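Quick notes on the structure that follows.
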Amino acid sequence: MFVSDCLSVNEAGHLTIGSADTVELARTYGTPLYVFDEGTIRDTLRQYKGSIDRYYGGKGLVAYASKAFACKEIYRIVESEGCGIDVVSRGELYTALSVGFPVEKIFYHGNNKTVEELTYAIEHNVGRIVVDNLTELERISAIAISQNKVVPILLRIKPGIDAHTHNFVRTGQIDSKFGFALETGEALDAVRYALTHPGVALKGIHCHIGSQIFEIDPFECAAEVMIGFMAAVRDETGLILTELNLGGGFGIKYVPENDPVPYQDYMEKVSGMVHTTCRKYGLETPFIAIEPGRSVVGSAGITLYTVGGVKVIPNIRTYVSVDGGMTDNPRYILYQSQYEAVLANRAADPKDSVITLAGRCCESGDLVGEGMPIQSPKVDDIIAVLATGAYNYSMASNYNRVPRPAAVMVRDGQAREIIRRESMEDLVRNDL
Ligand SMILES: Cc1ncc(COP(=O)(O)O)c(C=O)c1O
Ligand SMILES: N[C@@H](CCCC[NH3+])C(=O)O
């Protein structure tokens, strides 16, 4: 009925998430409000983990890409499911470590990790640093030597895959700021360079071809290219790489037209390619890591807003203004991302109007969506925007000094606050 399976409608005609009444949630915690369904997050992690067991005999790791949604509670949940994480900043790493996340299951990414960040990561013995460039490689080795350590690393490789997705979120193709290029020889040179640095131990390679991808082919193709490169490394340098991180990027359903591939299908096909290609090159199947972010939390989350105004511009459009917008969800402004909207307090009614959902910022472009079908909203109604669990809270801002919303996690119909709403005091905390 809705884009996410955790959503339904109760006898009162209210939208529910994980059996909790969203109108009640809005009343209790205020709006805007992010709401997550814990069952969906855990189920998805279990599906991925089950696939690693099934297709790789358990020789692998699901590392949740925490840039999609990072806070203490999500790290606790991921840890309790036996999964790892990918972090991209000291802030994410600090948050994970603050809840005792096991360091050996952490991959540290980024195209410009600072010396301070690298020092912090190495001090805390982060599982794998995924090296983006030669300057970073030199820095890691020097810091490691100063701490009497040898740091296990992966090299981030651009496999040259042009996944069919929005330009801004394609990262595996040649023109990308991330990683070492294959066809120019840069990647092989980086392997040779790593071998001359005693502070690092090169364990394997990593790629990530983009985000919100619906096809399986680019993932299969990336796996084939990466294993081909592992064979080239063996042939050219004698080094046997034992780890392959295939990144994330699996698409989710934002609007009914989206048709994501079931994760099982992806895992089955890609593992088939991994095993076949390894056999072809006479390599043992490496330890496989995957880094799903959006697909773990995206469909598990919604955002609730209160309608503050309805402005009909005859023959043009109807603006419905809510108490949030680009500050809690900048994805329409950035990528023209599509979302489904539902009137939470009349969720069973037919969607009889088409609106532009406008944010509250002093910015004409501050929209959550245009051309959105919905039950005609009136002032004080509650609007739910669906599938906002990924890259919403984590990309939120304080533009116009709007405080970031609270977030609640629902489990078996019961909600608990996991992130407090920012206060006015929070907003001026660092002002001198
Ligand atoms: C290195 C890396 N791994 C994993 C991810 C997670 O991607 P997604 O949220 O699309 O699964 C990203 C973001 O695109 C990334 O850059
Ligand atoms: N922020 C992007 C995804 C970025 C993926 C990170 N490498 C989005 O909201 O779709």
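The values are calculated or read from the model by the stated rules, or taken from the named source; none is laboratory data. Being a predicted model, the structure only gives us computed values, none of them experimental. Glycine also receives a Cβ, built like all others from the backbone with ideal geometry; neighbour counts cover every protein chain displayed.
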* To do: Name every residue in the stretch 110-154 that is acidic (Asp, Glu) and free of Cβ contacts under 8 Å to residues at least 40 places away in the same chain, in order of residue number.
  => Glu116, Glu117, Glu123, Glu136
* State whether one or more residues within the stretch 153-162 are part of a strand (DSSP E or B), surrounded by fewer than 20 Cβ atoms within 10 Å (Cβ to Cβ) and at pLDDT 95 or above. => no
* To do: Answer yes or no: is there a residue in the stretch 374-385 that is over 26 Å from Phe250 (Cβ atoms), touching a helix residue (DSSP H, G or I) at 6+ places or on another chain (Cβ under 7 Å) and outside any strand (DSSP E or B).
  => yes
* Asked: Quick one: how many residues across the stretch 338-367 are closer than 26 Å to Glu422 by Cα and part of a loop (DSSP other than H, G, I, E, B)?
  -> 9
* To do: Name the single residue, out of those in the stretch 205-219 being surrounded by fewer than 20 Cβ atoms within 10 Å (Cβ to Cβ) and in contact (Cβ under 8 Å) with a residue 24 or more places away in the chain, that is farthest from ligand 2 (Cβ to nearest atom).
  => Ile216
* **The listed residue being closer than 14 Å to Glu340 by Cα and more than 16 Å from ligand 2 (Cβ to nearest atom), out of Pro377, Pro403, Pro373** => Pro373
* To do: State which residue is surrounded by the most Cβ atoms within 10 Å (Cβ to Cβ) when the search covers only the stretch 249-302 and only residues that are among the hydroxyl-bearing types (Ser, Thr, Tyr) and outside any helix (DSSP H, G or I).
  => Ser299
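Suppose we keep only residues that are assigned to a helix (DSSP H, G or I) and within 16 Å of ligand 1 (Cβ to nearest atom) within the stretch 390-408. Which one would you say is nearest to Thr31 (Cα to Cα)?
That would be Tyr393.
Residues are listed down the side, and each one gets a yes or a no for (1) within 17 Å of the chain's Cα centre (by Cα); (2) among the hydroxyl-bearing types (Ser, Thr, Tyr); (3) not assigned by TED's automatic domain parsing to the domain that holds Lys59:
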{"site": "Ile213", "(1), (2), (3)": "yes, no, no"}
{"site": "Asp217", "(1), (2), (3)": "no, no, no"}
{"site": "Ala222", "(1), (2), (3)": "no, no, no"}
{"site": "Phe229", "(1), (2), (3)": "no, no, no"}
{"site": "Asp235", "(1), (2), (3)": "no, no, no"}
{"site": "Thr242", "(1), (2), (3)": "no, yes, no"}
{"site": "Gly248", "(1), (2), (3)": "yes, no, no"}
{"site": "Asp259", "(1), (2), (3)": "no, no, no"}
{"site": "Gly282", "(1), (2), (3)": "no, no, no"}
